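Q: Pasting a structure here, questions to come.
The values are calculated or read from the model by the stated rules, or taken from the named source; none is laboratory data. Quick caveat: nothing in here was measured; it's all calculated off a predicted structure. Here the Cβ is made from the backbone with ideal geometry for all residues, glycine too, and neighbour counts use every protein chain on show.
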Amino acid sequence: MKLRAVLSQARVELRLTVRRGESLLVTVGIPVGILVFFSKIDTLSDVADPVAFLVPGILALAVMSTAMVSLGIATGYERHYGVLKRLGSTPLSRAGLLSAKTLNVLAIEAAQVFLIVVIGVALGWSFTAGILPAVGLLLLGTLAFAGLGMLLAGTLRAEANLAVANGLFLVLLFLGGIAYPLDRLPGVLQAVAKVLPAAPLAETVRAVLDHPAHLPGGYLAALIAWAVLAPLAAVAWFRWEE
């Protein structure tokens, strides 16, 4: 794999991502909008520090939007139009293409994290010593959601992938403990939410940002399981052509 070719393709991927208005809406507009909106209204009046509650959940939402929705939908259409097949036969290679896509996702996420943290601080959130473990958890979440995105992109037709990815994004948004506490959900939905990837990511990040020494083992185990199983499933079932 040639590093120069990978970096060149990563720059192309980044430019294409920035040019897609709908992608920017999902990856930047929605997380920032939710953070500002829910920090200003009275839905979290029973939470001691609403902004400190929201910031970790919005960081998880940003990872979900970039690694699953944006990456998955773009890859699905590239597969549909034969772009993946053509790129896979170039000197870049398929491994190089996946590496470039990974770099693109990480670059977008770094910008998202910076923006969300800055806005959080402006709203009254303060940094904690748990920021480094939180970054590690966000990387685990990236593996989980990128695996899901690539699994959908590599097994469904482009139109079906678009619908399923957006639908799954909404489900995980509502069941992820992102903008309101999980204990507000009915018991059955709480149980379902705890085994889906969004809630484990949001809750573990929230825990380490609040108390760096405290990491909920059940949520961490669920997150690690998704970070391992989703990419493995994507590798096993991904088809480069429709």
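Q: Where the second residue is part of a helix (DSSP H, G or I) and the first is among the charged types (D, E, K, R) and lies in the range 218-242, which pairs have Cβ atoms under 6 Å and are six or more apart or on separate chains?
A: Cβ pairs passing all conditions: ARG239/GLY154; GLU241/LYS85; GLU242/HIS80.
Q: Only one residue in GLY76, GLY96, GLY130 is of a type outside the set (A, V, I, L, M), surrounded by 16 or more Cβ atoms within 10 Å (Cβ to Cβ), in contact with a Pro (Cβ under 6 Å, 6 or more places away or on another chain) and modelled with pLDDT under 95. Which one?
A: GLY130 is the lone residue from the list that is of a type outside the set (A, V, I, L, M), surrounded by 16 or more Cβ atoms within 10 Å (Cβ to Cβ), in contact with a Pro (Cβ under 6 Å, 6 or more places away or on another chain) and modelled with pLDDT under 95.
Q: In the range 118-159, what count of residues is obtained for those that are part of a helix (DSSP H, G or I) and either farther than 18 Å from VAL26 by Cβ or of a type in the set (Ser, Thr, Tyr) (or both)? First the steps, then the outcome.
A: If we filter the range 118-159 for residues that are part of a helix (DSSP H, G or I), which is where we start, we get 118-122, 131-155, 158-159.
If we keep only those that are either farther than 18 Å from VAL26 by Cβ or of a type in the set (Ser, Thr, Tyr) (or both) as well, we get 118, 120-122, 131-137, 139-140, 142-143, 147, 151, 154-155.
Qualifying residue count, the range 118-159: 19.
Q: If I go through the range 159-206 residue by residue, how many of them are among the small types (Gly, Ala, Ser), within 18 Å of the chain's Cα centre (by Cα) and over 17 Å from ALA67 (Cα atoms)?
A: Selection size over the range 159-206: 3.
Q: Now, a different point. Can you find a residue in the range 45-61 that is among the small types (Gly, Ala, Ser), at pLDDT 90 or above and under 15 Å from GLY177 (Cα atoms)? Spell out the reasoning first.
A: Let us first name the residues in the range 45-61 that are among the small types (Gly, Ala, Ser), namely 45, 48, 52, 57, 60.
Filter again for at pLDDT 90 or above, leaving 57, 60.
Applying the additional criterion that residues be under 15 Å from GLY177 (Cα atoms) yields 57, 60.
Yes, the conditions are met somewhere in the range 45-61.
Q: Kindly establish whether ALA110 is surrounded by fewer than 17 Cβ atoms within 10 Å (Cβ to Cβ) and aliphatic (A, V, I, L, M). Step through it out loud before you land on a result.
A: Details: surrounded by fewer than 17 Cβ atoms within 10 Å (Cβ to Cβ): yes; aliphatic (A, V, I, L, M): yes.
Answer is yes for this residue.
Q: Shifting gears a bit: So which residues in the range 38-83 are over 17 Å from the mean Cα position of the chain (by Cα), in a helix (DSSP H, G or I) and among the β-branched types (Val, Ile, Thr)?
A: Hits for the range 38-83 are THR43, VAL51, VAL83.
Q: When the residues of the range 23-50 are filtered to those that are without any contact (Cβ under 8 Å) to a residue 40 or more places away in the chain and within 16 Å of ALA62 (Cβ to Cβ), which remaining residue is surrounded by the most Cβ atoms within 10 Å (Cβ to Cβ)?
A: Across the range 23-50, the extreme among qualifying residues is ILE30.
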